[in-house]
């Protein structure tokens, strides 16, 4: 039964990261942090999560903003909305795999509320921002009572709805280094509908080629086909030091389908998801190669 009213809770609006961490430390497991609230509030209405204290991070200015540096890369605050990312010309031009992901996500209303930090911290296997960020070598920065730390996005997830974040720790920033010359990426998403649907399969591919069209570096990440996003390292090895052609991309697709670990559920079967990993990986590799050209 879907319950429309939120349960009772005490509402907190910290103005700084340190204040938020103090509240998390004080209330512990009785508290939850909120960014956009697009997933959390629904879970609260369903009584799946019933926190006694809700800590809204929206008032923390240090968690907002997109800052691009032509020498280093782009820094995206945890509270930056998906719509802000979609409207960023720097993301669209330099980090197009991430732009592909947010452009396909949800509805305009949800994109205007949902944040990149919330999408990652929810740690659902179908989170669209995770595969392109992994392919782009992105890092996440966190803050906790014991200090700050930085780690690759691919090391951020432990399992379905479970990340490495500690109880009194919050994600503060996503950093993506500038891609080298002659490189590009793409994110492809399989859905039952053309819009506003979760991924049945998500594939991100990033390539760097030389002047002869030989692939010198490749990163392929899969979403919605395992308990966490998956690096398809075997598929990457297929591509390295070879000229990118359709036959090679097809071989990479077969290698990617071997490492996926999907489940069968109401939306799709295991077998179908694995076959679509093969198809989408081939397409993603070729699309990334064409973008470089």
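Brief remarks follow.
The rows are residues; the columns are (1) within 28 Å of residue 293 (Cα to Cα); (2) touching a strand residue (DSSP E or B) at 6+ places or on another chain (Cβ under 9 Å); (3) buried (at least 18 other Cβ atoms within 10 Å of the Cβ).
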| residue | (1), (2), (3) |
| --- | --- |
| 172 | no, yes, yes |
| 178 | yes, yes, no |
| 185 | yes, yes, yes |
| 190 | yes, yes, yes |
| 194 | yes, no, no |
| 202 | yes, yes, yes |
| 207 | yes, yes, yes |
| 212 | yes, yes, no |
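- Residue under evaluation residue 49, criteria (1) touching a helix residue (DSSP H, G or I) at 6+ places or on another chain (Cβ under 7 Å); (2) in contact (Cβ under 8 Å) with a residue 24 or more places away in the chain, criterion not met: (2)
- Considering only residues in segment 6-29 that are closer than 12 Å to residue 50 by Cα and more than 27 Å from the chain's Cα centre (by Cα), the one that is surrounded by the most Cβ atoms within 10 Å (Cβ to Cβ) turns out to be 9.
- Taking every residue in segment 101-128 that is in contact (Cβ under 8 Å) with a residue 40 or more places away in the chain and on the phi > 0 side of the Ramachandran plot and pairing it with any residue that is crowded, with 19+ Cβ neighbours inside 10 Å and in a loop (DSSP other than H, G, I, E, B), at least 6 positions away or on another chain, the pairs with Cβ-Cβ distances below 7 Å are 106/114.
Residues are listed down the side, and each one gets a yes or a no for (1) over 21 Å from residue 137 (Cα atoms); (2) assigned to a helix (DSSP H, G or I); (3) touching a helix residue (DSSP H, G or I) at 6+ places or on another chain (Cβ under 6 Å):
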residue: 251; (1), (2), (3): yes, yes, yes
residue: 268; (1), (2), (3): yes, no, no
residue: 272; (1), (2), (3): yes, yes, no
residue: 280; (1), (2), (3): no, yes, no
residue: 284; (1), (2), (3): no, yes, no
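- Options 63, 79, 57; residue that is touching a helix residue (DSSP H, G or I) at 6+ places or on another chain (Cβ under 8 Å), closer than 27 Å to residue 231 by Cα, crowded, with 16+ Cβ neighbours inside 10 Å and at pLDDT 95 or above: 79
- Top-ranked residue in segment 104-151 [being under 13 Å from the mean Cα position of the chain (by Cα) and surrounded by fewer than 22 Cβ atoms within 10 Å (Cβ to Cβ); ranked as nearest to residue 19 (Cα to Cα)]: 122
- Pairs with Cβ under 6 Å, 6+ apart, first in segment 241-258 and more than 12 Å from residue 207 (Cβ to Cβ), second assigned to a helix (DSSP H, G or I) and modelled with pLDDT under 95: 257/274
The values are calculated or read from the model by the stated rules, or taken from the named source; none is laboratory data. Every value quoted in this text rests on a predicted model; they were computed, and no experiment measured them. All Cβ positions, glycine included, derive from the backbone under ideal geometry; neighbour counts span all protein chains shown.
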